[in-house]
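Everything below concerns the one structure shown next.
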Amino acid sequence: MTSPHVFLVAAERSGDLLGADLARALTALTEGNLTLSGIGGSAMAEAGVVSQMSIDGLNILGWIDGLKAYKRVKQSVAEAVELILAARPDTVVLIDSWGFTLRVARGVREADPSIRLVKYVGPQVFATRPGRAAVLADTVDELLTILSFDAPFYTPYGLPVTFVGNPTLERLPSGDGPGFRDRHGIAASDMVLVVLLGSRPSEIRRMAPPFADALKRLLARHPGLRLVLPVADPVADDVDAAIAAHDSLAAAIRVGEDEKADAFAAADQALACSGTVVTELATAGVPTVTSYKLGWITWAIARAFNLIKTRHISLVNIAVDERVVPELVQLQCTGANLAAAVDGLLYDPARRAAMSGRLRSITQTLRGDGEASTRAAEAVLGGLDPAN
């Protein structure tokens, strides 16, 4: 077999990280005997896949934000399709980011049906809009899923599904909690609350006000509480704007992604915007309160058309169909409610310890058999035509 050419497409930070892990695994399995190209961010670039276009502004959630960005996204889709067709890869791996990657897949399929299309991480059809399963089956050749319970939603439509495991649960290293506390002047007896505002600019804009109000209330009740605010590079400016606008956020110790694992190890508890980070916190055994707010028009449409099918928003809760992590969504997402939920755990060590153990157990099950990125790479390579 000649050297295969794999083209990776990611449009947001979580997909960029998955793409970076996959790129390293592909390189290792082939001992570098392949061509890797793609569209992504800084993580993929560090793994040797330098993006041929910017993914800035593609990290979009919700109908209203999507409508506002429609022209920009349409232009980016056209640019991505043009780059892929010019590269003529054997396989395109479309990572997460349902709206953007679906449009790219359709454009490639229409222009050149010979290019194999693999979707890596499917839309959460178990939670909302199950019709997307049929749409995906009509568009791509294979789905690589990180969720063990995904397959039955897709296989009735004839889409081959391979469960590879969840690389997110393997990525976060064991942190140095005592070292983190020493570096930042936090006493061993101090209570530490890690605060995570979200991974998208729109999330940070919506979540910062209620989170800041909750922190103001908590600091008033517990003046010795130490706040830690890990910040991902792609949204650093958005978080800094939120810090500038809210005194309680300014009271937090701001750290970069390089200290995230240490911060989690040092944490007694977390308050987090719902997303991948809640699963990361669960893996580290950090008792967490999570919350989420959609834009009001998006929320109204979702409610009116009964688009939200799951009782939970956090993967760990969905996995066991139980509210292990407290969730405060939309109307419940207020400073008073968030502060009360955090307070209910913060000074109850027995409850925190029980939650920590349960979270570790759930994420161990979600992890799969390990080496998820290697399994994903094997699936990508295994589907290539050996005659090429």
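A few points about this structure:
- Strands (runs of 3 or more DSSP E) completely within region 209-303 that count 1 or more residues being modelled with pLDDT of 95 or more, of a type in the set (K, R) and closer than 30 Å to N166 by Cα: 253-256
- Among (1) touching a Lys or Arg at 6+ places or on another chain (Cβ under 7 Å); (2) modelled with pLDDT of 95 or more, the one test that R109 misses: (1)
- Total residues in region 241-267, condition of a type in the set (D, E, K, R) and buried (at least 20 other Cβ atoms within 10 Å of the Cβ): 3
- Selected residue (only one of G66, G41 is closer than 18 Å to V235 by Cβ, under 19 Å from the mean Cα position of the chain (by Cα), small (G, A, S) and modelled with pLDDT under 95): G41
- Test: Q364 is under 21 Å from the mean Cα position of the chain (by Cα), free of Cβ contacts under 8 Å to residues at least 60 places away in the same chain and closer than 29 Å to A23 by Cα: yes
- Residue match in region 166-175 (condition: open to solvent by 40 Å² or more (accessible area, probe 1.4 Å), part of a helix (DSSP H, G or I) and not aromatic (F, W, Y)): yes
- Residue match in region 120-135 (condition: touching a residue at least 60 places away in the same chain (Cβ under 8 Å), in contact with a Leu (Cβ under 9 Å, 6 or more places away or on another chain), at positive phi and polar (S, T, N, Q)): no
To keep it simple, each residue is scored yes or no on (1) open to solvent by 20 Å² or more (accessible area, probe 1.4 Å); (2) touching a Cys at 6+ places or on another chain (Cβ under 9 Å); (3) over 26 Å from K293 (Cβ atoms).
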| residue | (1), (2), (3) |
| --- | --- |
| V329 | yes, no, no |
| T334 | yes, no, no |
| L345 | no, no, no |
| G357 | yes, no, yes |
| S373 | no, no, yes |
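The values are calculated or read from the model by the stated rules, or taken from the named source; none is laboratory data. Bear in mind that the values here come from a model prediction, so they are computed numbers and not experimental data. Glycine also receives a Cβ, built like all others from the backbone with ideal geometry; neighbour counts cover every protein chain displayed. Keep in mind that these areas ignore ligands, DNA and RNA; they rest on the heavy atoms of the full protein, side chains included. Shrake-Rupley method; radii C 1.70, N 1.55, O 1.52, S 1.80 Å.
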